[in-house]
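The values are calculated or read from the model by the stated rules, or taken from the named source; none is laboratory data. Keep in mind the model is a prediction, meaning the values are calculated, not measured. Virtual Cβ from ideal backbone geometry, glycine too; neighbours counted across all protein chains shown.
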Amino acid sequence: MKQRMSGLMAEEGLPYGNRTHTFNSRMAQELSKWGEAFTEGELLNRKLFEAYFVKGNNLAVTEVLLDAVESSGLAREEAEGVIIERRFREAVDEDWQRSRELGVSGVPTFVFGNRALVGAQPYTALEQLIRTK
């Protein structure tokens, strides 16, 4: 699986490290949801991606998350409040429910309307997803 992921990342020009563990990313998901309100949110997602997939950091560790927040230009103190108070817990729960309804079982998943295409896919499959009614 690691070899396949490494190959897929290389094809897309994405950095990918030698991850040895899988960590709970729930708080990263909640921070990402918070970040959607800011222009820096996309950079936050990249920093979280790098922390996990490139550096192998544990996204369940608050300091790892706050470092990603800070390096993306967002307010560390506000993010800490988001984590402590679980402000985006319900929003992420709703996202998970929608994912279950769509049959999402892996990443990446491409969603168009009420249909989903799970896994890394060739362009032709994505094109079919969009063209199929």
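What to note about this one:
- Test: F49 is aromatic (F, W, Y), more than 27 Å from G7 (Cβ to Cβ) and within 16 Å of the chain's Cα centre (by Cα): no
- With respect to the conditions (1) surrounded by 14 or more Cβ atoms within 10 Å (Cβ to Cβ); (2) more than 24 Å from R4 (Cα to Cα), E85 falls short on a single one, namely (1).
- Residue tally, condition touching a Gly at 6+ places or on another chain (Cβ under 8 Å) and touching a residue at least 40 places away in the same chain (Cβ under 8 Å), over segment 81-124: 1
- The helices (runs of 4 or more DSSP H) found wholly in segment 12-113 and carrying at least 2 residues that are of a type in the set (S, T, N, Q) occupy 26-35, 62-71, 89-102.
- Restricted to segment 33-61, and to residues there that are aromatic (F, W, Y) and over 23 Å from E90 (Cβ atoms), the residue that is surrounded by the most Cβ atoms within 10 Å (Cβ to Cβ) is Y52.
- Test result for L126, part of a strand (DSSP E or B) and not assigned by TED's automatic domain parsing to the domain that holds R26: no
- Tally, over segment 67-107, of residues that are modelled with pLDDT under 95 and more than 19 Å from R26 (Cβ to Cβ): 3
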